[in-house]
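The values are calculated or read from the model by the stated rules, or taken from the named source; none is laboratory data. What you see is a predicted model; the values in this text were computed from it and never measured. Quick reminder, even Gly has a Cβ in these numbers, built from the backbone with ideal geometry, and neighbours come from all protein chains shown. Remember, those area values only see protein heavy atoms, side chains included, never the ligands or the DNA or RNA. Shrake-Rupley method; radii C 1.70, N 1.55, O 1.52, S 1.80 Å.
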Amino acid sequence: MIHPRSIGFRLVAWYAGLLIVVFVLVGGLMYAGLHSYLEHDLSAVQFRRARQIAGTLLGNVETTGEAHVVNEINAWFTPETNDRFIRLTRADGSVLFVSSSPPDGSFDARQVTPLATRPQVPDWRRETLPTGGRLLIASVPAVSRGGHAYLVEVGASLAPIEALLGRLLDLLGSALAIVVVIAVTGGYFLIRRALAPVEEITRRAERITLHNLKERLPVLPTGDELERLSVSLNHMIARLDDAFEHNRRFIADASHELRTPLTILRGEMESLISQAKPDSEIQARAGTALEEVVRLARIVEGLFNVARLDAGEAQKECQRFDLAELTTSTAEQMCLLAEDKGIAISCHAPQPVFVEGDRARLKQVVVNLLDNAIKYTPEHGKVDLLIFAANQRAVLEVADTGIGIPAAAQPRIFQRFFRVDPARSREMGGAGLGLSIVKSICTAHGGEVDFQSREGQGSRFKVQLPLAPATS
Ligand code: ADP
């Protein structure tokens, strides 16, 4: 089904519309031309007969007598059997002769209205009779040698012409229907073929994201506008790739450069605290400064991770491993953190679930989700981990009974540096990078992450990854 606003639909509509207009114009001209030709032909025949009557019969009417004229007309022209109308009118308006109606009853000759004034020159007219039937009548004024004026009217039914034109109209109507069908189906296939590369370019363009800016759109060497468009788009993607690459390198270099001084600063602060007098103001202040340094180091680490993920390092090493085992062991390592808050972690992994990917990166996914679950769950809450396989996917669920995420914030939760409550996250040491790192790693592994959350009731994050192919 094509969309009414698509180029394909609009072109087919225009193409079919134009073809119909041209067809109607040509058909109309043909109809009008044939109509006038047939009428002209019919009127020429009627004029010829009227002139014959005027010249040969009425010219000598004084010598032959009017009765002779009437007999001659009946003998020569037999108006009734030839479906012809003939009327001779004297100058005073009295009728000398009028033919009777034809045997098929196509018209009634007596209903033809007499002309109000006698025309001076030959003329013709169409007349529609009250009881049906249309006639074309030629009128020729005649004057006998004795100077008597007459009007000769000879007519014929227009029915045969109208029947012929009606047939032509039917034929044009059927041909128009065929033209419409051919125009629409032919146009649809032609335009579909012409626009097929656009579909392909769109499909490929949709696949290009920040993580695969090295990919390019297909360029068909057709030499047309589409080739130029793909080439230009490819140049644009290359420029974007350069710009992102530059950006990425800058963040990676900056965060890398910051790591060493921060480690030194941290060491210095720790030794300052240990050397300061216990419970002194210096120790308290140095403690606060150390907290900030630790936070800064975490942000820098996050930035460094983000930059490396953007550079396509999300899956540096690819190995087959059991996600259930990785999650269980990570949960065990982190349970101290939970115990501090009296949070119970339960891990349900009934069966091994094998995936293929970078173990260290996927561990980071588990750590970040678990860390958030613990961070945003009040004391004595619960965190449940669930690992299973379903529909060829490995599924990891991290559910907590924590504060939940407000509906308004949910669409932005995976954005970098987004925090629902910056003050609160800051207190907990979060910079808003954890979930964006989770998303990047999942995407790079061909998986996805989503969540359900209700404010005040808790959240459930669900990671889905492709299962590793079975080993033989
Ligand atoms: P942060 O380092 O601040 O935790 P994240 O990217 O991990 O950053 O998370 C972004 C924001 O999403 C957090 O600031 C927090 O408000 C919210 N959030 C993440 N996980 C949870 C959760 N399990 N429960 C409630 N809020 C969450």
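For this structure, a couple of remarks:
- Counting residues in segment 293-306 that are over 23 Å from L465 (Cα atoms), open to solvent by less than 70 Å² (accessible area, probe 1.4 Å), away from the ligand (no atom under 16 Å from the Cβ) and of a type in the set (A, V, I, L, M, F, W, C) gives one or more.
- Residues that are under 20 Å from V45 (Cα atoms) and open to solvent by less than 50 Å² (accessible area, probe 1.4 Å), drawn from segment 99-134: S99, S101, P102, S106, F107, A109, V112, P119, R125, E127, G133
- Test for L11: is it surrounded by 11 or more Cβ atoms within 10 Å (Cβ to Cβ), modelled with pLDDT under 90 and more than 22 Å from E162 (Cα to Cα): yes
- Test: residue in segment 248-270 that is at pLDDT below 90, in a helix (DSSP H, G or I) and over 30 Å from A289 (Cβ atoms): yes
- Inclusion of G432 among residues that are of a type in the set (G, A, S), modelled with pLDDT under 90 and out of contact with any strand residue (DSSP E or B) (no Cβ under 8 Å at 6 or more places or on another chain) is warranted.
- Residue pairs whose Cβ atoms lie under 9 Å apart, separated by 6 or more positions or on different chains, with the first residue in segment 363-377 and charged (D, E, K, R) and modelled with pLDDT under 95 and the second near the ligand (Cβ under 9 Å from one of its atoms) and outside any helix (DSSP H, G or I), are D371/G430; K375/G402; K375/M428; K375/G429; K375/G430.
A quick yes/no check of all residues on (1) part of a helix (DSSP H, G or I); (2) within 8 Å of the ligand (Cβ to nearest atom); (3) at positive phi:
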{"site": "G404", "(1), (2), (3)": "no, yes, yes"}
{"site": "G430", "(1), (2), (3)": "no, yes, no"}
{"site": "S436", "(1), (2), (3)": "yes, yes, no"}
{"site": "G446", "(1), (2), (3)": "no, no, yes"}
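- Checking each residue in segment 227-256 for being touching a Leu at 6+ places or on another chain (Cβ under 8 Å), loosely packed, with under 14 Cβ neighbours inside 10 Å and under 11 Å from L217 (Cα atoms) picks out no residue at all.
- Where A44 falls short, out of the listed (1) farther than 17 Å from R126 by Cα; (2) surrounded by fewer than 16 Cβ atoms within 10 Å (Cβ to Cβ); (3) of a type in the set (G, A, S): (1)
- Residue satisfying all of: in segment 448-463; open to solvent by 40 Å² or more (accessible area, probe 1.4 Å) and touching a residue at least 60 places away in the same chain (Cβ under 8 Å); farthest from the ligand (Cβ to nearest atom) among these: K462
- Subset of segment 364-396 (residues that are touching a Leu at 6+ places or on another chain (Cβ under 6 Å) and either closer than 28 Å to I299 by Cβ or within 12 Å of the ligand (Cβ to nearest atom) (or both)): I374
- Looking across segment 406-428, just one residue is part of a loop (DSSP other than H, G, I, E, B), more than 8 Å from the ligand (Cβ to nearest atom) and closer than 20 Å to P378 by Cβ, and that is P406.
- Selection status of Q52, polar (S, T, N, Q), open to solvent by 80 Å² or more (accessible area, probe 1.4 Å) and more than 20 Å from the chain's Cα centre (by Cα): yes
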